[in-house]
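A quick write-up on the structure given underneath.
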Amino acid sequence: MKAAADRLERIWVAPAPLTTAPAVTAPRRLSFDRVGNAILWPLAVLLVFHRIFILAVNGDTTDDFSTVHAAVRRFLDGVPVYNEIYHHVDPHYLYTPGATLLLAPLGMVPGFELARMGFVLVNGAAIIAALALLTRLFSFSLRSLVWPAAITLAFLTESVRNTLVFSNINGVLLLALVGFLWLLLRDRLWAAGLVLGLAILVKPMFLPLLFLPLVKLQWRAVLGGLAVPVIFNVVAWPLVPGANDYLTRLVPYLGEVRDYANSSLAGMAVYFGMPAALETFWFLVFVAFGVVGGLTLLRWRYTDPLLWATSTAGLLLTGVFLLSSLGQMYYSMMLFPWLFTVLLRRSVFHAWPAWVAVYLFLSPDEWFSQRWVDYGRWASFFNPTVGWALLVLVAAVVAVSWFLAQRRGGADGPGPGRRQAVAGKNSGADAVAPGRN
């Protein structure tokens, strides 16, 4: 019996971390930081300025803020909030009554343009702050070149550009995601749950991230993540005019798979008229790869919590983008924490196919062509679909390869690494990766 228990322990708990680094007493710097900062900070500042004060000010035909602003104004004016005509293809207000209550202060700002510009600035600042927090989470100094490099690369992506141009809330949600990971890895469980709960309240696509505290039996984070959306909606329901319309009118609309501006697998299936059996086949294939990747990564939840948490969160969100009823390319910004693992000794992003996937779902390149009209249009619509699918496959293969390599290396036998991993389960020692305090 003991032998069987030990074998199960070796399967579900890795004996040693993949990314162990020497302990550091101060945030890390790089030998070429001075030159790197001289190059990267001007680029970062100019890109931020251009995206916010030129592209975002100019705006686009897609305007997510107008929809939100109009809805919260209806709430404040006592007009039914969910009174839109949902068979039109215009952007619709899709948030719950609880999220409406949370966002109500936006409607109190005098003047639409002032409110929109303030919203854009807040989201731009939130993205920069999230990248700063990620830089520190991975133990680099904010005076190193890592932070300006991250800002430069992030503001070159389609995700950041369109979040600001469309005046979307994704920048704030990215900061909430990074804040959740930071707090969770430092064992501040109630705070982590509350932050994640706010993100879930605004966009339920973050709900699967409760898996992270759940598998480590961190119940305070789980309860906090569930309590926030429940309490906000209970309080908001009698306050929001026409709140019941959310269930009777909006929820049925959300259950439909739309065939425009939808890069999910279901959106692709509807667009091309894919047979239901074929769509189900591909859905199950990617679910299977996602489960294999997620369960294999689970082995490092104690010995390598930073790699595990950021990679698992990224894999869960990629699965949501790909397999839910609606996936939009600028959601990919939520994968920035996963991309930061490239700075570790082991990462899914040390495999070149992962960067093909990154290009497909983050690049702002347009593929419309006068010569290949249909193919160019399809590529522009479904590049992110292929990118997300490829990343799920790569994550599963790489995670399994780590497991097999560790088994072949004999690390699964008894030793200090394994004893430390098992001992860390019931302590705060697993809050951060070794050497990353």
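Just so you know, all these numbers are worked out from the coordinates, no wet-lab data involved. Just so it is clear, the structure is predicted and the values come from calculations on it, not from any experiment. Ideal geometry is used to build each Cβ from the backbone, glycine not excepted, and the neighbour counts take in all protein chains shown.
For region 332-372, the spread of Cα coordinates along the three principal axes comes to 44, 20, 9 Å, biggest extent given first.
Think of the chain as a dipole: +1 on every Lys or Arg Cβ, -1 on every Asp or Glu Cβ, centred on the Cα centre; then among Pro208, Asn37, Trp367, Asn37 lies furthest on the positive end.
Stretching the chain fully between Leu55 and Arg136 yields a gain of 26.2 nm (0.36 nm per residue, less the alpha carbon separation).
How big is the shadow of the Cα convex hull of region 218-307, averaged over all directions, in nm²?
Details: hull surface 37.8 nm².
Directional mean of the projected Cα hull area for region 218-307 stands at 9.5 nm².
What FRET efficiency comes out for Arg249 versus Val342 if R0 is 56 angstrom and r is the Cβ-Cβ distance? Round to the nearest 0.05. Please list the in-between numbers first.
Details: r = 44 Å, r/R0 = 0.79.
Result of the calculation: an efficiency of 0.80.
Plainly put, region 124-225 has a radius of gyration that is 1.01 times its Kirkwood radius, both from alpha-carbon atoms, as the Rg/Rh ratio. Percent of Cα-Cα pairs per 5 Å bin, from 0 to the last occupied bin, for region 32-256, please list those. Computed distribution, short to long bins: 1, 7, 12, 15, 16, 16, 14, 10, 5, 2, 1, 0. Derived scalar couplings between HN and Hα for region 320-330 equal 5, 4, 6, 10, 7, 6, 9, x, 10, 4, 6 Hz in order, rounded to whole Hz, by the Karplus curve 6.51 cos²θ - 1.76 cosθ + 1.60 (θ = phi - 60°), x for Gly and Pro. Here Ala129 and Trp282 are evaluated by their C-beta separation; at R0 = 35 Å the FRET efficiency comes out at 0.40. Extension gain for Arg220 to Trp41 (0.36 nm times residue separation, less C-alpha to C-alpha distance): 60.5 nm.
Cα extents for region 175-216 along the principal axes, largest to smallest and rounded to whole angstrom: 24, 21, 14.
Using a Förster distance of 41 Å, how high is the FRET efficiency between Met108 and Leu30, based on the Cβ-Cβ distance and rounded to 0.05? It would help to have the intermediate numbers written out before the result.
Working: r = 45 Å, r/R0 = 1.11.
Calculated value: 0.35.
Between Ser401 and Val122, the simple label model (points 7 Å from Cα in the Cβ direction) yields a spacing of 4.3 nm.
Could you calculate the contour length gain from Tyr260 to Arg143, that is, 0.36 nm times the residue separation minus the distance between their Cα atoms, to one decimal place in nm? Result: 37.8 nm gained on full extension.
Cα-based radius of gyration for the chain, normalised by 2.2 N^0.38 Å, reads 1.01. Proximity of backbone amide H atoms, modeled 1.01 Å from N, is registered between Asp187 and no other residue at under 5 Å, excluding neighbours fewer than 5 places apart on the same chain.
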